[in-house]
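Structure first, commentary second.
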Amino acid sequence: MDRDDLIDRIWERDPTTWTGRDEARWLGWLDEPHRMRERAGDLVAFAGEVQDAGLDTVVLLGMGGSSLAPEVLRRTFGVESLHVLDTTHPRAIRTLEESIDLDRALFVSASKSGSTLETRSHTDYFWERIGRRGDRFVAITDPGSPLEELARQRGFRRCFAGEPTIGGRYSALSVFGMVPAALMGIDVDRLLAAAEEMAGSCRHDAGNRGYALGAAFGTGWSEERDKICIQETGGGFGLWAEQLIAESTGKEGKGLVPAPGESPEGPDRQVAVPEVPDPHALGAEFFRWEFAVAVAGAFLEINPFDQPDVQAAKDRTNEVLAGGDEPVLEPEGSVEELVARAREGDYLCVQAFVAPTPESDLVIEELVATLRRESGCVVTHGYGPRYLHSTGQLHKGGPNTGLFLQVVDDPGGELKIPGQPFGFRRLIRAQAAGDFQSLKERGRRVARIYVDQSEGGR
């Protein structure tokens with residue numbers, strides 16, 4: 001396809017732009033900036049209603065596409081009133097609960113499918129903690145989902161319907177990103193106006209920055225420069241972009257490897273620079289990168305809108321949980337042994353099933369620096385189970401060029417999940433065990449190490 005033909009076919013919703021399968025049913029994101037601008041007034045009014053009710057803290061319960069855009073918006077705009085909970089680590093959940101006034105908190109349960117295990121577990125936990133008060137909960141989910149039914153049964157303050165023709169990683173400019181944005185006091189109309197302007201420019205050949213970025217991704221991949229070194233921004237844009245890139249392109253043994261903050265110097269790398277001159281420009285940048293990854297998918301000749309290997313780790317987790325016993329996560333291999341197995345063009349990934357804290361960040365940074373220095377390869381990293389909803393598709397469905405270092409700790413005492421035969425401690429350990437097993441089944445090179453971050457067993 002030449003440039004104008006590819007652009008035209010994307011906007012015509014032509015599935016043969018990619019693989020000719022079901023791509024056409026996942027292109028609702030093309031129209032979402034305009035659609036959401038028509039709903040902006042309602043979102044602002046709802047945010048005012050919440051403020052008038054004296055609820056000045058918002059806790060977002062979501063994973064992957066339901067949490068990463070709100071987290072980047074929170075960081076970019078410097079908002080302290082919103083907390084994103086996307087971990088099942090008991091210590092992290094306890095810490096969050098102790099750091100907020102539960103009597104002044106609104107809980108936002110966000111899940112497209114409405115059946116995300118982590119989100120449902122968080123929802124049930126805080127439902128009991130605040131005395132089963134429906135006016136303190138909001139749901140964001142697709143129509144007809146189990147979460148929508150739960151919101152109706154429990155009398156949630158509001159249930160916002162998602163657009164079913166948009167996949168999770170393409171949902172930043174939908175209600176999944178814009179409801180939290182409104183609750184943070186961000187000018188959503190201004191965000192969406194920037195996105196709508198970018199969408200308009202991506203319709204044309206001339207000045208199409210979305211196409212230019214995607215074509216660079218695709219051309220680089222064809223030249224074996226498959227590591228996308230995303231320049232850091234103050235708001236952590238790469239945290240959102242890595243899910244978009246990895247989950248969209250990492251399949252059929254192909255894939256682009258997002259590497260936020262890594263040096264672009266190297267024969268297997270290319271640089272990508274987010275354009276965020278002011279916080280509200282995020283709206284435009286979300287759309288530009290969405291369009292770019294759709295373009296890149298055409299270059300790779302894959303379906304950028306499915307995620308065929310994400311279920312693998314979930315299935316293994318469920319099998320471990322069904323066993324009834326807490327899994328034993330013994331160290332396996334070592335950092336040195338893993339690095340010794342690296343080849344030219346590989347990448348290493350630190351998968352940390354530990355509580356996200358400043359101290360953990362330092363541990364991960366040290367590991368990343370060691371792996372980078374000893375291997376000379378690109379090194380990525382992520383907290384589990386968050387990365388399972390982000391880069392996990394690439395790890396299992398992409399090329400066998402990744403080496404994975406799982407990091408575990410003692411999660412502390414068990415924290416019960418209402419209605420479940422397991423608690424958060426057993427859940428996060430099952431998730432670590434399940435993903436480790438899934439990677440090994442695919443012939444990936446893996447190791448596991450233990451770090452001591454206990455706080456008196458809490």
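The values are calculated or read from the model by the stated rules, or taken from the named source; none is laboratory data. Being a predicted model, the structure only gives us computed values, none of them experimental. Here the Cβ positions follow ideal geometry from the backbone for every residue, glycine too, while neighbour counts run over all protein chains shown. Keep in mind that these areas ignore ligands, DNA and RNA; they rest on the heavy atoms of the full protein, side chains included. Shrake-Rupley method; radii C 1.70, N 1.55, O 1.52, S 1.80 Å.
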* Once fully extended, how much extra length lies between residue 449 and residue 12, figured as 0.36 nm per residue of separation less the alpha-carbon to alpha-carbon distance? -> 152.4 nm
* Applying 1/(1 + (r/R0)^6) with R0 = 22 Å to the Cβ-Cβ distance of residue 3 and residue 222, what FRET efficiency is obtained, to the nearest 0.05? -> 0.90
* Could you give the radius of gyration (one decimal) and Dmax (whole number) of the Cα atoms in the range 318-458, in Å? -> 15.1, 49
* Once you charge only the Cβ atoms, +1 for Lys and Arg and -1 for Asp and Glu, what is the size of the charge dipole of the chain about its Cα centre, to the nearest 20 debye? -> 880 debye
* **Listed residues 389, 186, 20: farthest to the positive end of the dipole of the chain (Cβ charges)** => 389
* Treat each spin label as a single point 7 Å out from the Cα along the C-beta direction, and report the residue 130 to residue 95 distance in nm. => 2.2 nm
* Cα-based Rg and Dmax for the range 115-234, where Dmax is the largest Cα-Cα distance (Å) -> 19.3, 58
* Select from 109, 77, 54 the residue farthest towards the positive end of the dipole of the range 51-132; place +1 on Cβ of Lys and Arg, -1 on Cβ of Asp and Glu, and compute about the Cα centre. => 109
* Could you pull out the pairs from 112/396; 112/227; 314/440; 251/416; 416/440 whose alpha carbons sit more than 26 Å apart here? => 112/227; 251/416; 416/440
* To do: Quick one: pull the percentage of alpha-carbon pairs in the range 1-88 with a separation above 18 Å.
  => 66 percent
* Asked: Of the listed peptides 63-75, 22-34, 111-123, 166-178, what is their order by residue-averaged count of other C-beta atoms within 10 Å, with the highest listed first?
  -> 166-178, 63-75, 111-123, 22-34
* Once the whole set of protein chains is in place, how much accessible area is left on residue 158, using a 1.4 Å probe, in Å² to the nearest 10? -> 70 Å²
* **Cα-centred dipole magnitude for the range 127-273, charges only on beta-carbon of K, R (+1) and D, E (-1), debye, nearest 20** => 760 debye
* Asked: With every protein chain left in place, what is the accessible area per residue of the range 70-208 in square angstrom, probe 1.4 Å?
  -> 36 Å²
* Of all DSSP beta bridges in the chain, antiparallel share, percent nearest 5 -> 5 percent
* Estimated dipole of the range 348-436 in Debye, rounded to 20 [Cβ of Lys and Arg +1, of Asp and Glu -1, Cα centre] -> 360 debye
* Asked: How much of residue 254 can a 1.4 Å solvent probe reach, expressed as accessible area in Å² and rounded to 10?
  -> 50 Å²
* Theoretical gain in end-to-end length, residue 337 to residue 44 [0.36 nm per residue, Cα-Cα removed] -> 100.1 nm
* Averaging sequence separations of C-alpha pairs under 8 Å and six or more residues apart, then dividing by the length of the chain, give the relative contact order as a whole percent. => 18 percent
* Asked: Based solely on its DSSP helices, what 222 nm [θ] is calculated for the chain when runs of n ≥ 4 H residues each add -39,500 (n - 2.57) and the sum is averaged over all residues, nearest 500 deg cm²/dmol?
  -> -13500 deg cm²/dmol
* At a 1.4 Å probe, what is the % contribution of carbon and sulfur to the accessible area of the chain? -> 47 percent
